[in-house]
Structures are given as C-alpha cells and as structure tokens.
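What follows draws every value from the coordinates through simple rules; no lab data is involved. Just so you know, these numbers come straight off a predicted model, no measurement behind them. Cβ: placed from backbone, ideal geometry, glycine included. Neighbour counts: every protein chain shown.
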Amino acid sequence: MLRSRIVPCLLLHDGGLVKTKAFKEGKYVGDALNAVKIFNEKEVDELILLDIDATSEQRQPDFARLKTIAVESRMPLCYGGGITSAAQAVEVISLGFEKVSISAAALARPALIGEMASAIGSQSVVVTLDVRRNALFPGYSVYTHNGRKKQKTDLIAFCRQAVDLGAGEIVINSIDRDGAMNGYDLDLARQVRAAVTCPISFVGGAGSRDHMQALIDAVGVVGAVAGSLFVFQGPYRAVLINYDRPPGVRPAGA
C-alpha cells in the first residue's frame, strides 16, 4: 500500500551542499556525506540529491562521489544532474541508488524516458520539472538550467507524455516557492495530481509540518519534498540538519 513520503532534497554545488531561494542566493549548508550520515540516524523515508551544476556545465555525474555517498547511505536515494543517456542511469543504479531523475534531457529528447525505463525499470525513472507561475496569463511555464531557460512545453501535457513513455514518478519543483518556506503551491499540486496517476512529489515552499500535511490533505498520497525545512533552524536560518514528519504520517514501509 502506498503511503505519503517526507523527503529531504539536497543540492550539490562546488563540492558541497547549498540551499537556494528562488533558485538563487545559494547558501552553503555543509558536506553531503555528513548530511547523509545524519539523515541515516533520523530514518528518512528517501533522500534526493541534485547536482545543480552538471547540466549547465555539460558534464556527466561525478560517479566516484556518488559511490561514496551510496556506500554510506542506509535510505533510498534518488540522484539527478547531468544524466543524458540510459547507460549513465544504469551506472548510477549500479552504485546503489534506487532512482534516477532527469529534467532538461527529458525535455530535449523525451525518448530518453523510455530508454531509461527499459534499462532500469519505470519505478526508477523520475522526471523532475522546474516550473514558475506565469505573470501575465494563467498557468505555469517549465524551465531548465537552474531556472534560466524557459521551455516551450505545456506542463500538464508533458507530465502525461512522460508517464506514457515510462516515467515512474513526476517531481514538480516550484521556482517561485523555492526557499520561501510559506507553503506549497496547492493549486499547482492539484492540477498535476488530476493529470496523472503515477506517484508524484512536490518541492518548493515547505516551512513546517503543517505545510506538508496541507499538501497531503490536498492531493492524497504524495511525496512532500523539502530543503530549507530540513537544513535551517530559526528566523536567522542557522544551519541545523533535522527531520520530522507530520503527525499521523508513518515512515515509508512501516
């Protein structure tokens, strides 16, 4: 039986971890390996690691670094960043990761989704879409390259296409709410949930357990993903890695 998941998302940048706000103002929050060790002890449902430089720098994942992280981890891991082929996805899975996320590469060549699904299984293929609410007309636009490149892609139509091609999960990342800690975009969540039946996750805006519960109440079984909530403490955003789930939400697999 599927249950909602509470998932930290860590951003890899320049050899360390950062937390952004609206995809800008990256603040250093520590070392990836140390964060994994802490989240191990806190029995995290799942951990997402995104290399936010790889695609922009047109380089492949740092497989040696990923291997070190996977060896240390006792929780399911998802990696995204720089994946452009099914062979790379296979290598990431072979290191001990359960899921591989693609974004810009999926938008540039949707057939990659099916190729990865054939190579590693649909359950391991995640399509992550960074979106921003349109200012002058209703709806949302999809962006790549850390929010710098707007794509001529209809969000809902592409979500459906991704699932048809073999994506096992859709992750929607709200650029507007990234780091704001003022709650998820529930309208966006409802639109995506109504469009696809596969597992979905949302990131951007979580600042409290109540925000996560509101997301779960709005769309049902979901991945409630957060960054700032799990790495900052207090009004001055002091770095303190933590993990807590809303009351009544049991650990995945419990």
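Using only the Cα atoms of the chain, build the gyration tensor, take square roots of its eigenvalues as a ≥ b ≥ c, and label the shape rounded, prolate or oblate: rounded if a/c is under 1.5, else prolate if a/b is larger than b/c, else oblate. Since a/c stays below 1.5, the shape of the chain is classed as rounded.
Extension gain for Asp31 to Ala195 (0.36 nm times residue separation, less C-alpha to C-alpha distance): 55.3 nm.
Ranking Phe39, Gly179, Cys9 by Cα position along the charge dipole of segment 5-239, where only Lys, Arg, Asp and Glu carry charges on their C-beta atoms, puts Gly179 farthest toward the positive end.
Think of it as helices only: each DSSP H run of n ≥ 4 in the chain is worth -39500 (n - 2.57), and spread over all residues that comes to -9000 deg cm²/dmol at 222 nm. Counted residue by residue at 0.36 nm each, then reduced by the alpha carbon distance between them, the extension gain from Val90 to Leu186 reaches 31.1 nm. Of all stretches in the chain that contain no GluC sites (Glu not before Pro) in a DSSP loop with at most 15 other Cβ atoms within 10 Å, the longest one is 58-254. Expressed to the nearest 5 percent, the antiparallel share of DSSP beta bridges inside the chain is 35 percent.
Rounded to the nearest 20 debye, the dipole size of segment 5-239 about its Cα centre is 480 debye, using +1 on the Cβ of Lys and Arg and -1 on the Cβ of Asp and Glu. Just to confirm my numbers, what's the Cα centroid distance between segment 169-235 and segment 18-68 in Å? After rounding, the separation between the Cα centres reads 19 Å.
Considering the zone a paramagnetic label at Arg237 would reach in this model (a point 7 Å from Cα along the Cα-to-Cβ line), which residues of segment 19-37 have amide N under 12 Å from it? Residues passing the 12 Å test: 19-29. What does the C-alpha gyration tensor say about the overall shape of segment 125-224? Classify as rounded when a/c is under 1.5, otherwise prolate if a/b is larger than b/c, or oblate. Oblate, since a/c reaches 1.5 and b/c is not below a/b. Potential lengthening of the chain between Lys149 and Lys24 amounts to 43.6 nm, from the contour at 0.36 nm per residue minus the alpha-carbon distance. For segment 76-183, chymotrypsin sites (Phe, Trp or Tyr not before Pro) meeting the loop criterion (DSSP other than H, G, I, E, B) and having at most 16 other Cβ atoms within 10 Å: none.
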